[in-house]
Amino acid sequence: MNRISLVNNKLDSSINDIKVEYIKANNFFEISKLNIDTLNSNDLYLVLDLDNEKLNINFNINHDTNLYICVKGSSAKVKYSYNIINSLSVLKYNAIDSINEMVEVNLNKENSNINYIFKSIGTVKENYDYVINHNKLYTISNITNNCVNKEGSINIQISGYVKKDIKGCICNQNNRIINLCNNKCEIRPNLYIDTDDVDANHSALIGRFSNDEIFYLNSRGINEVDASNLLIKGFLLSNISNEELENIIKEDIDNNWR
């Protein structure tokens, strides 16, 4: 698997068939840039360790790609731009205290598609703003956000756009925040559809695990604390297909809920 790490503004990479360019900001007011172009079908693991940084990451997905992302650190402002003409699968986990993040998806060729799964544990403040642009016919986007808010706040705004005469598209949004404290969390899903021939769906759920879920585990001899921890682990680890990312999430769960 190809691997790119950006730690303390230093780029380290072990890659084949991928073009990478990193432009470091010269001062606090500038924005660093990381450009990644796929030159062949690839599996890519991207690790970011950010400390009060501003970063734009531009992906040009020219071939089918599986992308795994882990973000660590204290705070950051990050914009991701995914320009897709083939198929992109994204599995992403944020282990950062505070972040403002924008995700722009451009589906730029007929039948291009993205399957995006995001996981996070909220401890301070997290803001996410998604814009999904279906620019060509028969494009598909499936966006899933699964977050657990331990003691911070999480805000998600997600907007899907299908322009006039862009037919045959599928635009799905699935968002859930498990809020374990009394701090306010928010999900704002939007679908802007200007054509009839589209399959578009969104869901937004904020709350704790249901009493039925807890009761079921209690009835099997599992106390309430362990039951909640078990449900958190199942929620955050579902659909995680990368062993390294899975181990990071397990370790964070164990550290947060002993």
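The values are calculated or read from the model by the stated rules, or taken from the named source; none is laboratory data. No experiment lies behind these values; they were computed from the predicted model shown. All Cβ positions, glycine included, derive from the backbone under ideal geometry; neighbour counts span all protein chains shown.
Within the range 86-133, being closer than 21 Å to Lys33 by Cβ and among the hydrophobic types (A, V, I, L, M, F, W, C) holds for Leu88, Val90, Ile96, Ile99, Met102, Val103, Val105, Val131. If I filter the range 96-118 for residues that are more than 30 Å from Leu137 (Cβ to Cβ), crowded, with 18+ Cβ neighbours inside 10 Å and in contact with a helix residue (DSSP H, G or I) (Cβ under 9 Å, 6 or more places away or on another chain), do I get at least one hit? Scanning the range 96-118, I find no residue that is more than 30 Å from Leu137 (Cβ to Cβ), crowded, with 18+ Cβ neighbours inside 10 Å and in contact with a helix residue (DSSP H, G or I) (Cβ under 9 Å, 6 or more places away or on another chain), so the answer is no. If the condition is being among the basic types (Lys, Arg) and surrounded by 18 or more Cβ atoms within 10 Å (Cβ to Cβ), then the range 74-95 contributes only Lys92. If only residues of the range 3-31 that are assigned to a strand (DSSP E or B) and of a type in the set (Lys, Arg) are counted, the one that is surrounded by the fewest Cβ atoms within 10 Å (Cβ to Cβ) is Lys10. Just so you know, in the range 185-215 the residues that are assigned to a strand (DSSP E or B) and among the charged types (D, E, K, R) include one that is nearest to Ser159 (Cα to Cα), and it is Arg188. Taking the criterion of being at pLDDT 85 or above and β-branched (Val, Ile, Thr), the residues of the range 211-256 that qualify are Ile222, Ile232, Ile240, Ile248, Ile249, Ile253. Scanning the range 32-54 for residues that are surrounded by 15 or more Cβ atoms within 10 Å (Cβ to Cβ), within 17 Å of the chain's Cα centre (by Cα) and over 11 Å from Leu6 (Cβ atoms) returns Leu44, Tyr45. Between Asn218, Asn239, Asn182, the distinction of being touching a residue at least 60 places away in the same chain (Cβ under 8 Å), surrounded by fewer than 16 Cβ atoms within 10 Å (Cβ to Cβ), not in a strand (DSSP E or B) and not acidic (Asp, Glu) belongs to Asn239 only.
Taken over the range 70-85, residues that are within 16 Å of Ile36 (Cβ to Cβ) and assigned to a strand (DSSP E or B) amount to 9.
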